[in-house]
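Here's the structure, in structure tokens; my notes come after.
Throughout, read-outs are computed from the coordinates displayed, never taken from laboratory work. Worth saying up front: this structure is predicted, and the values here are computed from it rather than measured. Counting neighbours? That spans all protein chains shown, and the Cβs are built from the backbone with ideal geometry, glycine included.
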């Protein structure tokens, strides 16, 4: 490169230019020469020069000014200033402006040649550094791209355990931005129960084969308040499980006596889905084993129950005939009554066996759990239970407009009796049983179930303040004949199996939560039916909320909800259309007039109810709407009401609720309130 360099001579002395050009060309340099500064500028526009030999005094400009132009237009050209009257100030100014060196005329050619060679060597080093720096910059960009787009969390800690870097994947996985984490101690993202374990893994000091690898630990998930969506509901875990690889960072030569611990760098890979899949597989295997066991026991129990019923017919029926034949004061009456009561208790156990064999539900009917609860709480069985447990109190909180379910009243009553009885017996020193019913729209996971059918449910909740149930016992309480009670005195071990069988027969779900020493809660979910809703005479007559042929558009992403709402509103006399998304609603309203919208808030995928209402208002500023949603009265609902939407009706709703809400909306009473639930 040194012998192929291109040199530009800028000097107004023709003889000097010619001699320098001749001598330099003999050294295999490619040389051009000009006599004016302007010509030099034109030359560097046409070609690149490695070296420029510039005279300080030119006819049209000074050399210092030309240096400025070279620096701006050809920054890689090395400038050597030539002058006949150089001073120290002149030299310093030239160097400050970017000249490589200066020569005082007259100078020896060898001196010039040496200066040119030094300048070219420096230029070559600069060019190499530029290439290296560019490669490093490119490598750094690639590194940052790979790190910041990796699905894994990549992090570094300082020697105190505080984050100095964490990749962007942290925001997706644990809900915190990297800038929020940097500077914080690592313990702030570790699950509380894993804090001690993290000290020797997440904040690793070891290196090589002894460093952490394949270590599983839980990280906390930060869940902002605004994540009130179906997606966040279905991914509502408060932590993720990660597989960790981490190693210590040290300075020096890693000699044990001199190395200094600088911190930790590591990679955390989210394995939550894999762990859930493993748990699901294990759960399925457990369920299969339980199902096989239940099937075998159920087959046996069904056969035994059939034979026992034949036997008990005599034991239960004949005492009744005998009692009709003996006198009221006969000494035989008491033993006969005892025989009859014993037979009835035996018959109740047989009924449990029939439930266990899944042959107990012989007929179904539309019923209301509140009514069955009320009947049980006024029954002889409940009064007897209270006499056995006088220090146990019972508190009820029943939803006033509880929807109906379809099933067997006998088995629902038996389920309630078993749950209340178990709750009372779990409090030998006394306590409180709380019974609650409610309407609920479920589309979230229920513990123990991989798939929950989205829709309307009646929820029965029975809780106590008793001794609680251990985690190990929770895994077995629904198995036949499993009991902690004294066999033959207070239980057969079939009570919770009956509850489980009843839930299965009614296509429902059951959730249990318990803390040893604090109490237990059973939450039962029963699918709602819309058949023959019970009418309360004190409520408004149907004429009060019947429609008058108004056009209503139901906007809901769940097909069953659209069908239910449409059927109810058509029954009330409205002209109903339905669409499955916000986009479809906007398109429908663009072509047809609609008196009223029944608008769901959360619709996935696509725009939500709030955005749908905004877009419709752009086309029809006076559009009336009622909000119907399974979620609580969230910010989306309140924002929609600020825009002019009417009442918020919580799913599942009755015909009366939705009908009254529509009538108030049509009357212009959009107070932005929610209808009582």
Label-point separation (nm) for residue 30 and residue 531, each offset 7 Å from Cα along Cα-to-Cβ? 9.6
State whether the stretch 577-637 is rounded, prolate or oblate according to the following rule on the C-alpha gyration tensor (a ≥ b ≥ c being the square roots of its eigenvalues): a/c under 1.5 gives rounded; otherwise a/b larger than b/c gives prolate, and the remaining case gives oblate. prolate
Can you give me the C-alpha center-to-center distance between the stretch 576-631 and the stretch 537-573, rounded to a whole angstrom? 16
Between the stretch 1-58 and the stretch 494-531, how far is it from one alpha carbon centroid to the other, in angstrom? 96
Residue 38-residue 366 pseudo-label distance in nm [points 7 Å out on the Cα-to-Cβ vector]: 10.2
Once you have a ≥ b ≥ c as the square roots of the Cα gyration tensor eigenvalues for the stretch 544-666, tell me rounded if a/c is under 1.5, and otherwise prolate or oblate according to whether a/b is larger than b/c. rounded
Relative packing of 160-167, 383-390, 642-649, which averages over residues the other C-beta atoms within 10 Å, highest first: 642-649, 160-167, 383-390
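Place the peptides 393-399, 366-372, 107-113 in order of packing, highest mean first, counting for every residue the other Cβ atoms within 10 Å and averaging per peptide.
Those peptides, ordered most packed to least, come out 366-372, 393-399, 107-113.
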Between residue 193 and residue 261, what's the calculated FRET efficiency when r is the beta-carbon distance and R0 is 30 Å? Round to 0.05. 0.65
In nm, give the distance between the simple-model label positions of residue 23 and residue 400, each being 7 Å from the Cα along the Cα-to-Cβ direction. 11.1
Heads up, the stretch 2-132 by the C-alpha gyration tensor (a ≥ b ≥ c square roots of eigenvalues; a/c under 1.5 rounded, else a/b over b/c prolate, else oblate) looks rounded
Size of the stretch 85-162 as Cα extents on the principal axes (Å, biggest first): 68, 25, 20
By how many nm would the segment from residue 238 to residue 587 grow when fully extended, if each residue of separation counts as 0.36 nm and the alpha-carbon distance is taken off? 121.7 nm
